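To start, the structure itself, in structure tokens.
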Amino acid sequence: MKKIVLTGDRPTGKLHLGHYVGSLQSRIKIQDKKDYKQFVMIADAQALTDNYDNPEKVRKHVLEVALDYLAAGLDPKKTTIFIQSAVPQLAELDLFFLNLVTVGQLKRNPTVKNEMKEKGFELNVPAGFLTYPVSQAADITAFKATEIPVGEDQLPILEQVNDIVRKFNSIYGKGRNILKVCKPLLSSTTRLPGIDGKAKASKSLNNGIYLADSDEEIKRKVMAMYTDPGHIKVDDPGQVKGNVVFTYLDAFDPNKKEIEKLKAQYKKGGLGDVAIKKRLIDVLINLTKPMRERREKLARDPKKVMKILEQGSAEAKKVAAQTMAEVKKAMTINYF
Ligand code: ATP
Ligand code: MG
């Protein structure tokens, strides 16, 4: 039996370096492992929960996210890439799962709570947004996925998912584990900060470096990065902790030994922000340039990219329909 992996991204913007280190990089490795089967979902229905008034934005970014995937190295021959709304079984399963959580539980979820605050949803939260962890439970269980490569922000959501799974199995399974609990696959950088020093780079806050950013944009963003406000002159001792440039160097610079030396020098004094920023610019351009070149080529034929998503969605639909049949049987609502 192969281990099943599922993750997704919301088509609310292009993918940034946080997505790359938090999840995408692991997915690219996993797709080559023989004992794994991987599904990657573009979560358009989830994106609409807080962008319901801007469907064009969501639609546009379905293609953009797909381009980022292919450019970064996800291979549709190895990974099933699909669009959430093109698999209606996911919405169906979500409907039954909604009975297995309370509104209070969802409101207390740390990730939901934090995002509601960020979006100003504390007083008037769309029901779809509040319940997105439930729809995520449907996405994961429909494929019987057990391994989920995600960033740290997703941990409370996965706990909620497993809570639903256990409740489902205990009520409808009569001792059988019809649905499977899942576990996160965390990378070494579980949460990449924004260039502004905020705890998380995110599409909604537009504080990330996008995989598709040009050399000039990368330069501009790195030069504007938050460092240590107390490190004014080159000779001043500087703080490494909370310094976004060092956090990014830790995440992306392959020469760990050299970074440790630079950190020691920075702490002592005598290493300027511009020097470390220049190093980071080089590292990031080296990483993203080949992706950008592939992206530009792929973007010339959007129909071909959409065809990949159509085929992936058809494949995903078959798998989800099979689980849905098992779910309905367990719930005794398999009438015909
Ligand atoms: P949005 O602001 O629309 O929620 P986002 O930038 O948070 O966008 P998502 O599509 O919600 O991105 O997340 C997709 C995946 O990338 C998730 O697994 C999430 O944990 C991971 N991820 C997102 N941002 C980061 C980050 N800054 N560091 C590490 N992982 C991240
Ligand atoms: Mg998010």
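For (1) surrounded by 12 or more Cβ atoms within 10 Å (Cβ to Cβ); (2) over 24 Å from Gly151 (Cβ atoms); (3) within 31 Å of the chain's Cα centre (by Cα); (4) at pLDDT 95 or above, each residue gets a yes or a no:
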site	(1), (2), (3), (4)
Asp253	yes, no, yes, yes
Ile259	yes, no, yes, yes
Ala264	no, yes, no, yes
Lys267	yes, yes, no, yes
Ile276	yes, yes, yes, yes
Val283	yes, no, yes, yes
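Kindly indicate whether Lys198 is in contact with a Leu (Cβ under 8 Å, 6 or more places away or on another chain) and either within 16 Å of ligand 1 (Cβ to nearest atom) or part of a loop (DSSP other than H, G, I, E, B) (or both). Yes; evaluated as a whole, the condition is true for this residue. Select from the stretch 1-18 the residues that are open to solvent by 10 Å² or more (accessible area, probe 1.4 Å) and not in a loop (DSSP other than H, G, I, E, B) and write down the one among them that is farthest from Lys34 (Cα to Cα). Here the residue is Gly18. Could you list, in sequence order, the residues of the stretch 212-235 that are in contact with a helix residue (DSSP H, G or I) (Cβ under 7 Å, 6 or more places away or on another chain), under 29 Å from Asn54 (Cβ atoms) and more than 16 Å from ligand 1 (Cβ to nearest atom)? Of everything in the stretch 212-235, just one residue is in contact with a helix residue (DSSP H, G or I) (Cβ under 7 Å, 6 or more places away or on another chain), under 29 Å from Asn54 (Cβ atoms) and more than 16 Å from ligand 1 (Cβ to nearest atom), namely Ile218. Scan the stretch 201-211 and tell me whether some residue there is closer than 20 Å to Arg10 by Cα, crowded, with 19+ Cβ neighbours inside 10 Å and away from ligand 1 (no atom under 11 Å from the Cβ). There is at least one residue in the stretch 201-211 that is closer than 20 Å to Arg10 by Cα, crowded, with 19+ Cβ neighbours inside 10 Å and away from ligand 1 (no atom under 11 Å from the Cβ). Is it fair to say Gly270 is of a type outside the set (Ser, Thr, Tyr), closer than 27 Å to Ala199 by Cβ and in a loop (DSSP other than H, G, I, E, B)? Spelling it out, it is not the case that Gly270 is of a type outside the set (Ser, Thr, Tyr), closer than 27 Å to Ala199 by Cβ and in a loop (DSSP other than H, G, I, E, B).
In the stretch 45-90, which residue that is of a type in the set (S, T, N, Q) and open to solvent by 40 Å² or more (accessible area, probe 1.4 Å) is farthest from ligand 2 (Cβ to nearest atom)?
Residues of the stretch 45-90 that are of a type in the set (S, T, N, Q), as a first pass: 46, 49, 51, 54, 79-80, 84-85, 89.
Within this subset, residues satisfying the condition of being open to solvent by 40 Å² or more (accessible area, probe 1.4 Å) are 54, 85.
Details: Asn54: 16, Ser85: 18 Å.
Selected residue: Ser85.
Quick one: in the stretch 1-18, which of the residues that are touching a strand residue (DSSP E or B) at 6+ places or on another chain (Cβ under 6 Å) and without any contact (Cβ under 8 Å) to a residue 60 or more places away in the chain is farthest from ligand 2 (Cβ to nearest atom)? Selected residue: Lys2.
The values are calculated or read from the model by the stated rules, or taken from the named source; none is laboratory data. None of these values were measured; they are calculated from a predicted model. So basically every Cβ, Gly included, is an ideal-geometry build from the backbone, and we count neighbours across all protein chains shown. We work out accessible area using only protein heavy atoms, side chains counted, and drop any ligands, DNA or RNA first. Shrake-Rupley method; radii C 1.70, N 1.55, O 1.52, S 1.80 Å.
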